[in-house]
1. Can you give the accessible area of Ile103, probe radius 1.4 Å, in Å² rounded to 10?
2. Spin-label point model (7 Å from Cα, Cβ direction): what's the Ser63 to Asp90 distance in nm?
Amino acid sequence: MSVASVLAAPAVAYVSAQPAAASVYAMSSGRVGAAVAALAGLAGLVVGGLVLARSAGRIGIGSERNGAVMALVAGLVGLALGGLVAATADGGVGTGNGLGGAIVALVVGLIAIVLGGLALARSRRTG
């Protein structure tokens with residue numbers, strides 16, 4: 001047994017234990033879940049921003065309160081789905097498990113919740 005074969009064995013074991021990266025164009029279930037979560041959070045962010053800009057009636061949402069509740073619900077859905085994808089991801093960022101998108105969904109969902117909360121507080125104050 002040579003020294004080179006002894007030193008190479010741990011490196012081979014380490015490489016084989018790494019999760020295989022998915023193809024760039026493949027849509028795994030983690031990537032789809034992260035995309036859905038990010039879109040839900042983004043919808044809440046847009047609605048919350050429009051309600052805070054007082055243009056909720058112009059886009060067909062109705063009252064400010066309805067828009068604020070919609071932003072809160074969409075933000076919570078995005079936050080929950082993003083947390084679920086992040087918790088169940090096997091590998092790190094770049095392995096195709098949707099961890100990067102889940103982190104984006106968590107941030108966007110949290111911002112949507114904050115905007116919806118601010119809009120709801122303002123609708124209670126003015127209503």
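1. That residue has around 80 Å² of solvent-accessible surface.
2. Each label point lies 7 Å from its Cα, and together they span 5.0 nm.
The values are calculated or read from the model by the stated rules, or taken from the named source; none is laboratory data. Treat the numbers as computed from the prediction; the structure is a model and nothing was measured. Glycine also receives a Cβ, built like all others from the backbone with ideal geometry; neighbour counts cover every protein chain displayed. Accessible surface areas use protein heavy atoms only, side chains included; no ligands, DNA or RNA. Shrake-Rupley method; radii C 1.70, N 1.55, O 1.52, S 1.80 Å.
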